[in-house]
Amino acid sequence: MTVLEILLPAFVASLILTGIHAYLGVHVVERGVIFVDLSLAQIAALGTTVAYLAGYDLHSGTAYLFSLGFTFLGAAIFAISRVHRRTRIPQEAIIGIVYAVSAAVAILVMSKATQETEHLKEMLVGNILSVSWKELGKTAVLYAAVGVFHFIFRKRFLLISMDEQAAERQGLNVRFWDFLFYVSFGFVVTSSVAIAGVLLVFCFLIVPSVTAMLFAERLGARLAIGWAMGVLVSAAGVSLSFVMDLPTGATIVATFGATLLLVAAFRWLLRRTLSANSVS
């Protein structure tokens, strides 16, 4: 196989992940539940780990169903826990607890399995180079279906994310629509973790959205910036992993972090320059 044949599926997988996660990231950042993706991804990974211990192949349909079932349970927990926003307990605390417990249980389960170190590594950073075109096709169809679902109900999802009180005044059942949001999120995360691992999925969700917020307020502009960043960083990360002979998933994660630092520094310098020019 040529270098292009090896790296191209990984790059296409990154593009597919960027497309859906950059949009979902807008909702996550606006809701202030930054670690919900990390927590759902960990729950999905726990489901896969349980399936592996039960004797199923990590990439089998049964393992996927295990992972999806665990993710739906997490979706229900997060939808119900939204009521705590009116109390002294923030929802982010619930999300953090779920993540910590899921990670701990996954480690306990893996301690009873063979090749536990390799499974832990794949769970965290994935093995995006091993993705097949068939798997990419199935994932693209699933993400397109989720995208259509969110497009149809975009006004309700965006209203709840941007202004929960206004949604309640309009009579929306916030907890019900939250559950639908997290279920659709769960479908995406379950497939994403199987391809890219927990850490890379988190970066695809949060980093493009945070970067876009530095420069834009409108949803369309934020999506455009997020998608553009995802494409460029994915290409750079995949290329660096090949040139420097590094793990692809971890390299993309590190590239996302470095890019965010550079963009934040550029914005700071730009604002300082504009401020100095206005004063003079």
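The values are calculated or read from the model by the stated rules, or taken from the named source; none is laboratory data. Source: prediction; values computed, not measured. We place every Cβ from the backbone using ideal geometry, glycine too, and count neighbours over all the protein chains shown.
What to note about this one:
- Within region 259-276, one or more residues are within 19 Å of the chain's Cα centre (by Cα) and closer than 20 Å to Gly25 by Cα.
- Residues of region 205-227 that are polar (S, T, N, Q) and in contact with a His (Cβ under 9 Å, 6 or more places away or on another chain): Ser209 alone.
- Condition met for Gly237 (buried (at least 22 other Cβ atoms within 10 Å of the Cβ) and among the small types (Gly, Ala, Ser)): yes
- Among the residues listed as Tyr23, Tyr56, the single one being under 30 Å from Ala212 (Cβ atoms) and among the aromatic types (Phe, Trp, Tyr): Tyr23
- Out of Tyr64, Tyr99, one residue alone is closer than 22 Å to Leu136 by Cα and modelled with pLDDT of 80 or more. It is Tyr64.
- Condition check for Ser39: under 16 Å from Val183 (Cα atoms), of a type outside the set (A, V, I, L, M, F, W, C) and buried (at least 24 other Cβ atoms within 10 Å of the Cβ): yes
- Just one of the listed residues (Leu129, Leu205, Leu159) is under 17 Å from the mean Cα position of the chain (by Cα) and touching a residue at least 12 places away in the same chain (Cβ under 8 Å), namely Leu205.
- Here the helices (runs of 4 or more DSSP H) wholly within region 121-221 that include at least 3 residues being buried (at least 18 other Cβ atoms within 10 Å of the Cβ) are 133-152, 154-162, 174-196, 198-213.
- Region 214-252: number of residues that are polar (S, T, N, Q) and out of contact with any Gly (no Cβ under 8 Å at 6 or more places or on another chain): 3
- Subset of region 222-234 [among the small types (Gly, Ala, Ser), buried (at least 17 other Cβ atoms within 10 Å of the Cβ) and farther than 23 Å from Leu4 by Cβ]: Gly226
- Contacts under 7 angstrom Cβ, first residue in region 246-265 being touching a residue at least 60 places away in the same chain (Cβ under 8 Å), partner of a type in the set (Ser, Thr, Tyr) and crowded, with 19+ Cβ neighbours inside 10 Å, 6 or more apart: Pro247/Ser241; Thr248/Ser241; Ile252/Ser14; Ile252/Ser234
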